[in-house]
């Protein structure tokens, strides 16, 4: 079996934020309008999936933007009500929403085709449905969606009900992986808990991740996993819960390439 590149499992840090009461409202409104955009986009992506499904992620984003966003070079988008409904919606949030919505539609189409082909747990199983009410959260891109000055406050672009504005929120606690010189922060997610009215950032240091080995083999007689071609930079193994996810995908020959 041909070897493939190792799969990265990124560990995330939770940075707890300390928003004021008004900032909690802003965070809640921002997450809600972002989810509305995602629901709206899922319908558009599903409608045009025959032509969009085969595109790369980058080309798909551009194609969907051409359908929904009016510009000087694209004066008459097919779904111009998107710009009217979600006025001044930031471009980076829009692209993140397109990527998320495309992932949901792609998953739905895969499961639906499996159902059509007869791959079902029961013969009378009903077809899968697309759930547009996914509990997604915003991905924040540096400079466009958030600004970090040191590691105390953070500026985040939020929706105040009529416009998109910057608000500065304090950081009450964070871990220390970001202080490692070889690490670089990836784009965080803004997580807002509606019930507890709390919010935090989910940060991922670029180099602080797990690299799964190229191959894992299960020795049936002895009952343990052996690994080969493990990347030399990896100095710690993934958690067993993460490994078992991939072990569950073992091929019939009891070997999986990841």
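The values are calculated or read from the model by the stated rules, or taken from the named source; none is laboratory data. Values in this document were obtained by computation on a predicted structure and should not be read as measured data. Neighbour counts are summed over all protein chains in view; Cβ atoms, including those assigned to glycine, are modelled from backbone coordinates with ideal geometry.
Quick rundown of the values:
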{"item": "Within segment 58-97, tally of residues that are surrounded by fewer than 11 Cβ atoms within 10 Å (Cβ to Cβ) and within 19 Å of the chain's Cα centre (by Cα)", "result": "1"}
{"item": "Answer residue from segment 153-165, given it is farther than 18 Å from residue 94 by Cβ and in contact with a strand residue (DSSP E or B) (Cβ under 6 Å, 6 or more places away or on another chain) and is surrounded by the fewest Cβ atoms within 10 Å (Cβ to Cβ) among those", "result": "155"}
{"item": "Residue within segment 106-126 that is assigned to a loop (DSSP other than H, G, I, E, B), farther than 15 Å from residue 35 by Cα and either within 25 Å of the chain's Cα centre (by Cα) or in contact (Cβ under 8 Å) with a residue 40 or more places away in the chain (or both) present", "result": "no"}
{"item": "Some residue of segment 15-22 being part of a loop (DSSP other than H, G, I, E, B) and either at pLDDT 95 or above or exposed (fewer than 15 other Cβ atoms within 10 Å of the Cβ) (or both)", "result": "yes"}
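Conditions tested, residue by residue: (1) outside the structural domain of residue 50 (by TED's automatic domain parsing); (2) closer than 20 Å to residue 52 by Cα.
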site: 86; (1), (2): no, no
site: 101; (1), (2): no, yes
site: 104; (1), (2): no, yes
site: 110; (1), (2): no, yes
site: 121; (1), (2): yes, no
site: 134; (1), (2): yes, no
site: 137; (1), (2): yes, no
site: 140; (1), (2): yes, no
